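Visitor: For reference, the structure I am asking about is given below.
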Amino acid sequence: MQRYFILIHLIFCTIFCIAQPRVVAHRGFWRTEGSAENSIASLQKAAEIGCWGCEFDVWLTADGVPVVYHDATIEGIRIEDTTFASIMNHRLPNGEIIPTLQQYLQEARRHPNCRLIFEIKPHRNTKREGMISELSVELVNMLGLANRTDYISFSKNICKRIHELAPQAKVAYLNGDLSPKEIKEQGWTGIDYNVKVFEKQPNWAKEAKELGLEVNVWTVDGKEELYRFATMPNIDIITTNEPTILLKSNQHNP
Ligand code: MG
């Protein structure tokens, strides 16, 4: 009898685990002591608390160094217009210096259970978007991270280029202006859209799943909203600044 109960428990456990959307820490896990957006610490902490993935943003400096940072500018200086040397000593709010992509990916190698959700920011022109795409794929491949790196971008051109350079890699589009059918036609693998897009287009998540695409929603932070999306059908991944809320609720499931 006891064995029977254990079996039932395991089946329920499996169903609940599968049903739970995967949790991605938006710009790493940064709303915690000693962390900051897109810092090395935010990657370490996202992995430590058990996030399925860690999202981060990448820019290319004028002299061709990819760096991990969210905004286009640092202290009023445009990253694309300046040399790496001029920003390399910039301190993040937690005291770290701005990580280069190489440093960030090297740290990622130490956290094999955390997937990398690699956002390439839209750059000034097609040429520079091509350069950052090529450098990114090259570095990811060189460091042996290709099998756990998914690319995302607001730029159609970047998604297209990444898909050409790394046809096996997952590529999801962020800008919300293409239907699931259009994404599928491009050969990309997912939609990674803002909450508002799913509210405006209530059928897109379902349509995307029917086409075999992955569905990621950002940025969901409030407790109620997190639970709402976590129990919504057709949502695979939730990108959040508050990953602990969903991770804690996962632990409370049978
Ligand atoms: Mg981002």
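Visitor: Return a yes/no flag: does the stretch 216-224 have any residue that is within 16 Å of the ligand (Cβ to nearest atom), in a helix (DSSP H, G or I), touching a Phe, Trp or Tyr at 6+ places or on another chain (Cβ under 7 Å) and within 14 Å of VAL23 (Cα to Cα).
Guide: Among the residues of the stretch 216-224, not one is within 16 Å of the ligand (Cβ to nearest atom), in a helix (DSSP H, G or I), touching a Phe, Trp or Tyr at 6+ places or on another chain (Cβ under 7 Å) and within 14 Å of VAL23 (Cα to Cα), which makes the answer no.
Residues are listed down the side, and each one gets a yes or a no for (1) assigned to a helix (DSSP H, G or I); (2) within 14 Å of the ligand (Cβ to nearest atom):
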site: ASN113; (1), (2): no, no
site: ILE117; (1), (2): no, yes
site: HIS123; (1), (2): no, no
site: GLU129; (1), (2): yes, no
site: VAL140; (1), (2): yes, no
site: GLY144; (1), (2): no, no
site: ASN147; (1), (2): yes, no
site: ILE158; (1), (2): yes, yes
site: ILE162; (1), (2): yes, no
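Visitor: Limited to the stretch 30-53, what total is found for residues that are more than 13 Å from the ligand (Cβ to nearest atom), without any contact (Cβ under 8 Å) to a residue 60 or more places away in the chain, assigned to a helix (DSSP H, G or I) and open to solvent by less than 40 Å² (accessible area, probe 1.4 Å)?
Guide: Here the count works out to 1.
Visitor: Restricting attention to the stretch 1-29, and to residues there that are of a type in the set (D, E, K, R) and either modelled with pLDDT under 60 or not in a loop (DSSP other than H, G, I, E, B) (or both), which single residue is least open to solvent (accessible area, probe 1.4 Å)?
Guide: ARG22
Visitor: Suppose we filter the stretch 114-171 for residues that are touching a His at 6+ places or on another chain (Cβ under 7 Å) and within 24 Å of ALA47 (Cβ to Cβ); how many remain?
Guide: Qualifying residue count, the stretch 114-171: 1.
Visitor: Sticking with this structure for a sec: Which one of the conditions (1) in contact with a helix residue (DSSP H, G or I) (Cβ under 8 Å, 6 or more places away or on another chain); (2) outside any helix (DSSP H, G or I); (3) touching a residue at least 40 places away in the same chain (Cβ under 8 Å); (4) surrounded by fewer than 20 Cβ atoms within 10 Å (Cβ to Cβ) does PRO93 fail to meet, given that it meets all the rest?
Guide: (1)
Visitor: Using the structure shown, decide if ARG27 is under 29 Å from THR126 (Cα atoms), within 16 Å of the ligand (Cβ to nearest atom) and among the basic types (Lys, Arg).
Guide: yes
Visitor: Return the pairs, sorted by first residue and then second, in which the second residue is assigned to a helix (DSSP H, G or I) and at pLDDT below 95, the first residue lies in the stretch 192-214 and is closer than 17 Å to LYS156 by Cβ, the beta carbons are less than 7 Å apart, and the residues are 6+ apart or on different chains.
Guide: Final answer for the pair search is none.
Visitor: Additional query: Is it true that some residue in the stretch 95-103 is under 25 Å from GLU164 (Cβ atoms), under 20 Å from the mean Cα position of the chain (by Cα) and within 16 Å of the ligand (Cβ to nearest atom)? Steps first, answer last, please.
Guide: First, the residues of the stretch 95-103 that are under 25 Å from GLU164 (Cβ atoms): 100-102.
Subsequent filtering for residues that are under 20 Å from the mean Cα position of the chain (by Cα) retains 100-102.
Now drop any that are not within 16 Å of the ligand (Cβ to nearest atom), which leaves 101.
Checked against the condition, which is being under 25 Å from GLU164 (Cβ atoms), under 20 Å from the mean Cα position of the chain (by Cα) and within 16 Å of the ligand (Cβ to nearest atom), the stretch 95-103 yields at least one hit.
Visitor: In the stretch 54-77, which residue that is open to solvent by less than 10 Å² (accessible area, probe 1.4 Å) and over 19 Å from ALA25 (Cα atoms) is farthest from the ligand (Cβ to nearest atom)?
Guide: THR61
Visitor: Further, regarding this structure: Considering only residues that are touching a residue at least 60 places away in the same chain (Cβ under 8 Å) and aromatic (Phe, Trp, Tyr), which ones fall in the stretch 54-74?
Guide: PHE56, TRP59
Visitor: Somewhere in the stretch 187-198, is a residue assigned to a helix (DSSP H, G or I) and crowded, with 23+ Cβ neighbours inside 10 Å?
Guide: No, there is no match, as no residue in the stretch 187-198 is assigned to a helix (DSSP H, G or I) and crowded, with 23+ Cβ neighbours inside 10 Å.
Visitor: While we're looking at this one, here's another question. Against the definition (outside any loop (DSSP other than H, G, I, E, B), away from the ligand (no atom under 16 Å from the Cβ) and aliphatic (A, V, I, L, M)), how does VAL171 come out, yes or no?
Guide: The answer is no for VAL171.
The values are calculated or read from the model by the stated rules, or taken from the named source; none is laboratory data. Here the structure is a predicted model, which is why all the values come from computation and not from measurement. Positions of Cβ are backbone-derived with ideal geometry, glycine not excepted, and every protein chain shown enters the neighbour counts. Protein only, heavy atoms only, side chains kept; ligands, DNA and RNA dropped before computing areas. Shrake-Rupley method; radii C 1.70, N 1.55, O 1.52, S 1.80 Å.
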